[in-house]
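Trainee: To start, I am sharing the structure in question, which I have written as structure tokens.
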Amino acid sequence: MKILVTGGCGFIGSNFIRLLLETRDYEIINLDALTYAGNPENLKDLENHPRYRFIRGRIEDSSLAGSIMKEVDSVVNFAAESHVDRSILKASPFIATNVMGTQVLLDAFRQCECRGVFVHVSTDEVYGSLGPDDPPFREDDPLLPNSPYSASKASSDLFCRAAWKTFGLPVVITRCSNNYGPFQFPEKLIPLMIINSLEKRPLPVYGDGQNVRDWIFVEDHCRGCLAAMEKGRPGAIYNFGGQCEKKNLEVVGAILKKLGLSRDLIQFVKDRPGHDRRYAMDAGLAMKELGWRPEVSFGDGIDRTVEWYIENRQWWERIISGEYLDYYRTQYGQ
Ligand code: NAD
Ligand code: DAU
């Protein structure tokens with residue numbers, strides 16, 4: 001079986017490809033545009049793996065998507081613009097990749113009559129924000145996205161639903177809460193706070209720091225995506241979450257504690273516009289139908305993550321210095 005993984009040079013996609021190559025016999029094509037968030041170094045040790053091929057390109061390129069789709073059985077679509085703050089500054093790249101790109105892939109999948117499934121990787125942010133006493137999000141909750149990022153993801157989810165309803169395309173949608181772990185680009189809360197702590201720089205906490213996220217270690221999410229691909233019911237939506245709600249200040253405090261640093265580094269800054277207050281996921285359906293559950297505790301996950309950033313200083317120093325942009329221009333052409 002051959003799988004097209006899109007966005008495989010990003011944070012979750014690269015962890016997913018690693019999991020696939022380690023635990024399955026599938027052949028993999030990784031289609032990635034290498035945007036600022038895509039880093040070929042994330043898979044450097046697997047570049048010459050006999051069952052792995054990298055193609056640089058955009059998912060919105062219909063002729064490229066069409067030619068790749070002729071070769072593959074299933075698709076797992078991770079490719080996206082993924083950062084909420086960037087979407088607030090400029091929404092159009094989010095519409096191009098997350099909405100248009102997903103539809104191009106769905107069209108190519110249909111035209112090539114692929115035999116497998118189309119897994120679309122989405123997010124809890126499509127449900128909007130919870131109040132302090134609300135129950136966790138369920139798959140049949142209304143879509144109430146609040147940021148341009150989450151609006152683009154909700155739109156792509158709806159195009160996936162339409163492909164299932166209109167054309168009977170075997171689409172499975174997954175929605176996951178906040179991931180953390182190795183290879184996460186240091187614009188997101190946890191890697192940013194780890195790197196700033198290591199550099200003794202201020203830790204910018206938005207607003208009052210009381211916003212709640214449901215944290216999941218990236219490997220748990222990747223196992224969920226794999227289960228959705230292998231066992232998911234066409235047309236179904238599966239929520240994944242870490243069953244681990246934490247306020248942002250608790251997360252930052254855990255990082256500082258692990259590094260033996262003082263909370264004096266914390267600096268409260270202007271809040272994110274439209275900042276969602278709380279996310280939490282009810283993953284009961286995935287547990288029942290896919291036999292999935294999160295396995296890594298927050299304590300273990302944060303220890304492994306902090307240690308990874310300590311041991312892989314060169315990886316993030318290249319990113320924050322801009323050096324890796326030159327690296328991939330030389331390796332892959334621009
Ligand atoms: P990321 O930003 O680290 O990686 C995105 C990858 O997609 C990069 O390698 C980038 O080069 C590639 N890409 C971007 N635009 C592309 C295009 N037009 N064509 C081809 N490739 C393109 O993102 P991530 O955190 O790994 O997230 C992956 C997916 O999981 C996204 O769809 C995101 O919405 C979803 N998700 C993320 C989280 C999280 O906490 N990070 C949680 C739930 C869902
Ligand atoms: O919930 C899933 C989503 O999680 C994914 O769909 C997104 O792709 C991913 O980026 C993430 O979105 P968030 O906006 O929740 O993640 P982020 O790491 O940007 O922020 C987490 C929380 O921390 C949020 O409440 C904002 C806050 N924050 C973030 C940054 C970058 C700060 O207080 N300071 C910061 O510097």
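We did not get these values from a lab; they are worked out from the coordinates using the rules stated. Keep in mind the model is a prediction, meaning the values are calculated, not measured. Ideal geometry is used to build each Cβ from the backbone, glycine not excepted, and the neighbour counts take in all protein chains shown.
Trainee: Where does each of 237, 88 land when they are ranked from fewest to most other beta-carbon atoms within 10 angstrom? Present the calculation step by step, with values, prior to reporting the outcome.
Mentor: Details: 237 23, 88 15.
Going from sparsest to densest Cβ surroundings: 88, 237.
Trainee: Also: Got a sec? Charge dipole of segment 2-332, +1 on Cβ for Lys and Arg, -1 for Asp and Glu; which of 321, 268, 183 is way out at the positive end?
Mentor: Result: 321, furthest along the dipole toward the positive end.
Trainee: Along the Cα-to-Cβ line of residue 91, 7 Å from the Cα, sits a label point; which residues in segment 260-294 have backbone N less than 17 Å from it?
Mentor: The answer is 273-276, whose backbone nitrogens lie closer than 17 Å to the label point.
Trainee: Most mobile of 189, 105, 261 per a Gaussian network model of the chain (Cα springs, under 10 Å)?
Mentor: Top of the fluctuation ranking is 261.
Trainee: Taking the Cβ-Cβ separation of residue 201 and residue 61 as r and a Förster radius of 51 Å, what is the calculated FRET efficiency to the nearest 0.05? Please report the intermediate quantities before stating the final value.
Mentor: Values: r = 39 Å, r/R0 = 0.76.
Efficiency for this residue pair is about 0.85.
Trainee: Under a crude label model (7 Å from the Cα following the beta-carbon direction), how far is residue 51 from residue 133 in nanometres?
Mentor: Roughly 5.1 nm, to one decimal.
Trainee: Can I ask one more? What ³J(HN,Hα) values, in whole Hz, does the Karplus curve 6.51 cos²θ - 1.76 cosθ + 1.60 give for segment 86-96 when θ = phi - 60°, with x put for Gly and Pro?
Mentor: Values, residue by residue: 5, 5, 6, 6, 7, 8, 4, x, 6, 6, 4 Hz.
Trainee: Filter the GluC sites (Glu not before Pro) in segment 1-68 to those in DSSP coil with at most 14 other Cβ atoms within 10 Å of their Cβ, and list the result. The partial results should precede the final answer.
Mentor: Numbers: sites: 22, 27, 41, 47, 60; in loops: 47, 60.
The qualifying sites are 47.
Trainee: Using a simple charge model, +1 on the beta-carbon of Lys and Arg, -1 on the beta-carbon of Asp and Glu, nothing else, what dipole does segment 2-332 show about its Cα centre, in debye to the nearest 20?
Mentor: On the way: 40 positive and 45 negative charges, 50 e Å.
The dipole of segment 2-332 has a size of about 240 debye.
Trainee: With +1 on each Lys and Arg Cβ and -1 on each Asp and Glu Cβ, and nothing else charged, work out how big the dipole of segment 59-214 is about its Cα centre, in Debye to the nearest 20. Could the numbers behind the result be given before it?
Mentor: Values: 14 positive and 20 negative charges, 52 e Å.
That gives segment 59-214 a dipole magnitude of about 240 debye.
Trainee: Let me ask another. Looking only at 269, 121, 172, which one moves most when the chain is put into a Gaussian network model with springs between Cα atoms under 10 Å?
Mentor: 269
Trainee: Mind checking the full-extension length gain between residue 144 and residue 321? Use 0.36 nm per residue of separation minus the Cα-Cα distance, one decimal, nm.
Mentor: Details: separation 177, 0.36 × 177 = 63.72 nm, distance 3.74 nm.
Result for the pair: 60.0 nm of gain on full extension.
Trainee: Compute the distance from the alpha-carbon center of segment 63-121 to that of segment 209-227, in whole Å.
Mentor: 21
Trainee: Calculated from DSSP H runs of 4 or more alone, at -39500 (n - 2.57) each and per residue, what is the 222 nm mean residue ellipticity of the chain, nearest 500?
Mentor: On the way: 12 runs with 133 residues, N = 334.
Using -39500 (n - 2.57) per qualifying helix, the result is -12000 deg cm²/dmol.
Trainee: Work out the length of the dipole vector of segment 225-328 about its Cα centre, built from +1 on the beta-carbon of each Lys and Arg and -1 on the beta-carbon of each Asp and Glu, and round it to the nearest 20 debye.
Mentor: Details: 16 positive and 16 negative charges, 81 e Å.
Dipole about the Cα centre, nearest 20: 380 debye.
Trainee: Ok, one more. Apply the Karplus curve 6.51 cos²θ - 1.76 cosθ + 1.60, θ = phi - 60°, to the phi angles in segment 293-304 and return the couplings in whole Hz, x for Gly and Pro.
Mentor: With the stated coefficients, segment 293-304 comes to 7, x, 10, 9, 6, 4, x, 5, x, 6, 4, 5 Hz.
Trainee: Can you give the FRET efficiency for residue 267 and residue 313, using 1/(1 + (r/R0)^6), R0 = 35 Å, r = Cβ-Cβ distance, to the nearest 0.05?
Mentor: Values: r = 23 Å, r/R0 = 0.66.
Efficiency, from the Cβ-Cβ distance: 0.90.
Trainee: What FRET efficiency would be calculated for the residue pair residue 233, residue 2, taking the C-beta separation as r and a Förster radius of 25 Å, to the nearest 0.05?
Mentor: With a Förster radius of 25 Å, E is 0.65.
Trainee: Another question about this same structure. Output the relative contact order of segment 2-332, whole-number percent, from Cα pairs under 8 angstrom with separation of 6+ residues. Spell out each step's value before the answer.
Mentor: Numbers: 632 pairs, mean separation 58.8, N = 331.
Across segment 2-332, relative contact order equals 18 percent.
Trainee: Now for a separate question. Using a Debye calculation, one point per C-alpha and no hydration shell, please list log10 I(q)/I(0) for the chain at q = 0.13 Å⁻¹ in order.
Mentor: Reported log10 I(q)/I(0), two decimals: -0.98.
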